[in-house]
Amino acid sequence: MPSSSTEVLVSTDQPSGVSAFIDAIADGVATILIEEEGKEIHRPVDELPSGMSAGSWIRLYRDGDQVIRIEPDPETTKAMRARIREKMERLRNKGRSKK
């Protein structure tokens, strides 16, 4: 006899991707900020996708706490850099208007 409730099984074996920011790179190690979790992790630079630098956004895929894949996130990087440029321009214009 079928049950009247539906049970949803969620596999914890599936990697989950989160948005992250490469904050700094020093001595061959990248400092990566996972803002939505309030975490900072460190990974060897050779694990980063080619062309990544401080200020780049990435998608970080993990299985539990283990990083299994890092992918560039060019759309977020572009959007965030544009947002920063706009804010800087507003600050510059605000400074000029006070003279």
Exercise for the section: Mind listing the long-range amide H neighbours of Ser56? Cut-off is under 5 Å, sequence gap 5 or more, other chains count too, H placed in the peptide plane at 1.01 Å from N. Expected result: Ile22
Fill in the blank from the handout: Cβ-Cβ cut-off under 9 Å around Gly55, Lys and Arg +1, Asp and Glu -1: the net charge is 0
Completion exercise
Here the stretch 58-65 yields Karplus 3J(HN,Hα) values (6.51, -1.76, 1.60; θ = phi - 60°; whole Hz; Gly and Pro given as x) of 9, 9, 10, 9, 10, 10, x, 9
Handout entry: Karplus 3J(HN,Hα) series, Hz, for the stretch 35-51 with 6.51 cos²θ - 1.76 cosθ + 1.60 (x for Gly, Pro)
Key = 4, 5, 10, x, 10, 10, 10, 10, 9, x, 4, 5, 8, 7, x, 4, x
Problem - Cut-off 13 Å between beta-carbons: net charge of the residues surrounding Ser19, Lys and Arg +1, Asp and Glu -1 - result: -3
Fill in the blank from the handout: the stretch 16-97, Kirkwood Rh and Cα Rg, ratio Rg/Rh at 1.08
Practice task
Note down the net charge around Ala30, summing +1 for each Lys or Arg and -1 for each Asp or Glu among other residues with Cβ under 13 Å from its Cβ.
Solution key: -4
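Bear in mind these aren't lab numbers, they're just calculated from the coordinates by the rules spelled out. Every value quoted in this text rests on a predicted model; they were computed, and no experiment measured them. Quick reminder, even Gly has a Cβ in these numbers, built from the backbone with ideal geometry, and neighbours come from all protein chains shown.
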